[in-house]
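What follows is a short report on a single structure.
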Amino acid sequence: MGTPGEGLGRCSHALIRGVPESLASGEGAAAGLPALDLAKAQREHGVLGGKLRQRLGLQLVELPPEELLPLGPLLGDTAVIQGDTALITRPWSPARRPEVDGIRKALQDLGLRIVEMGDENATLDGTDVLFTGREFFVGLSKWTNHRGAEIVADTFRDFAVSTVPVTSSSHLRGLCGMGGPRTVVAGSSEAAQKAVRAMAVLTDHPYASLTLPDDAAADCLFLRPGQPGLPPFLLHRGGGDLPNSQEALQKLSDVTLVPVSCSELEKAGAGLSSLCLVLSTRPHN
C-alpha cells in the first residue's frame, strides 16, 4: 500500500479477525485441513495484533471471530486496499465469499471508498495481489483469474497492473513480497523464481531482489509507521518458524525487522500477509 513517489506509504490502521474454534475442528476438519492447536493459533494471532499495535504504532481494529467462517482470520484475501479505496474481492471458494461482508462494513466505517466486484465470472483473492508502491502485480492462480485482474486494473487506474502466472499451489504473496521500498524478496523454489523473473520483464521500475531459502519467508509486510521520524518496519516470520531464512533477512539493513510466528495458523493455509489488512491512509472519522 502506498502512493506514487512514496513507495509503500505510511500506515495508520490495521484490521485483524479473531480465530474461531471452527478453524481447529468441525468445519475446518471437514474442509480437509489438518488438526490445529486452537490455543496456540489464538496466541500467535494475539501476538500479531500486539506487534501491529504496540511495536508498529497502528490503530488496531479487531473483528470478533465468526464460527460460521472458519477461514475468517485470513482476511487479507477479502480486500485490496490502496489509498482511500478498498476493492472487495470475490474469493474463488464460494464458502469463503460471506467473509467479505464484515470486512466491507469495517472498511466503510473507517471511511474508505468501497468498490465491489459485480462480475460473477471474476475470482480474486487479495493475497494474489502485490503492490510495490509503484505498480500492482496480480498472480493468476487457482484462486484468481484474468477477469479478477482486470477489475484490479479498472479500480486502480493510476497504477500499472500486470499479471504474473503462479505455477504452484500458492498465492503470489506466498512466493514473493516487498522487503523494502525498492526490494523484492522471493523464495528459492522454481515457482517463486519464475514469478520474480516474470515481474522483472513486465516492470519499468528497477527493483533489487533478495532470494530467501523458504518461500513462506517472502510472505512479509513492509510498513512505514504513521509517526514521522520512525524507520520502516518489516513484519516477517521469525526464526522459530523459518530459521533458514533469518540470515538472509538480516541483509535488509534499511528496515527494522519485527518477527512474528504463524506456524500453527499456517496449517490452515495462512500466510503472514493474509492475517491482516493494513491501511496506508488516514481514514475519515
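The values are calculated or read from the model by the stated rules, or taken from the named source; none is laboratory data. The model shown is predicted, which means the values in this text are computed figures rather than measured ones. In this analysis, Cβ positions are derived from the backbone assuming ideal geometry, glycine residues included, and neighbour counts consider all displayed protein chains. The protein model used for the area step is the full one, side chains on, heavy atoms only, and it has no ligands, DNA or RNA in it. Shrake-Rupley method; radii C 1.70, N 1.55, O 1.52, S 1.80 Å.
Could you give every pair whose Cβ atoms fall below 8 Å, whose first residue belongs to the stretch 13-24 and is assigned to a loop (DSSP other than H, G, I, E, B), and whose second residue is at pLDDT below 90, counting only separations of at least 6 or pairs across chains?
As it stands, the answer is ALA24/ALA35; ALA24/LEU36, since those pairs meet every condition given.
Quick one: in the stretch 25-58, which of the residues that are acidic (Asp, Glu) and at pLDDT 70 or above is most open to solvent (accessible area, probe 1.4 Å)?
Result: ASP37.
Could you please find all residues in the stretch 74-110 being in a loop (DSSP other than H, G, I, E, B), of a type in the set (A, V, I, L, M, F, W, C) and closer than 23 Å to PHE159 by Cβ?
Once the filter is applied, which keeps residues that are in a loop (DSSP other than H, G, I, E, B), of a type in the set (A, V, I, L, M, F, W, C) and closer than 23 Å to PHE159 by Cβ, the stretch 74-110 yields only LEU110.
Given the structure, is LEU68 assigned to a helix (DSSP H, G or I) and among the hydrophobic types (A, V, I, L, M, F, W, C)?
No: the conditions fail for LEU68.
If you go through the stretch 143-154 one residue at a time, do you hit one that is under 28 Å from GLY238 (Cα atoms), in a helix (DSSP H, G or I), acidic (Asp, Glu) and open to solvent by 40 Å² or more (accessible area, probe 1.4 Å)?
No, every residue in the stretch 143-154 fails to be under 28 Å from GLY238 (Cα atoms), in a helix (DSSP H, G or I), acidic (Asp, Glu) and open to solvent by 40 Å² or more (accessible area, probe 1.4 Å).
Of the residues that sit in the stretch 71-95 and are touching a Pro at 6+ places or on another chain (Cβ under 8 Å) and in contact (Cβ under 8 Å) with a residue 60 or more places away in the chain, which one is most open to solvent (accessible area, probe 1.4 Å)?
ASP84
Could you count how many residues in the stretch 173-193 are part of a loop (DSSP other than H, G, I, E, B) and modelled with pLDDT of 95 or more?
3
From the list SER141, SER188, SER170, SER209, exactly one residue is within 20 Å of LEU275 (Cα to Cα) and free of Cβ contacts under 8 Å to residues at least 40 places away in the same chain. Which is it?
SER141
Given (1) of a type in the set (A, V, I, L, M); (2) more than 30 Å from ARG197 (Cα to Cα); (3) in a loop (DSSP other than H, G, I, E, B), identify the lone condition not met by ALA122.
That leaves (2) as the condition not met.
I need the full set of residues from the stretch 139-172 which are at pLDDT below 95 and among the β-branched types (Val, Ile, Thr), in order please.
Hit for the stretch 139-172 is THR167, nothing else.
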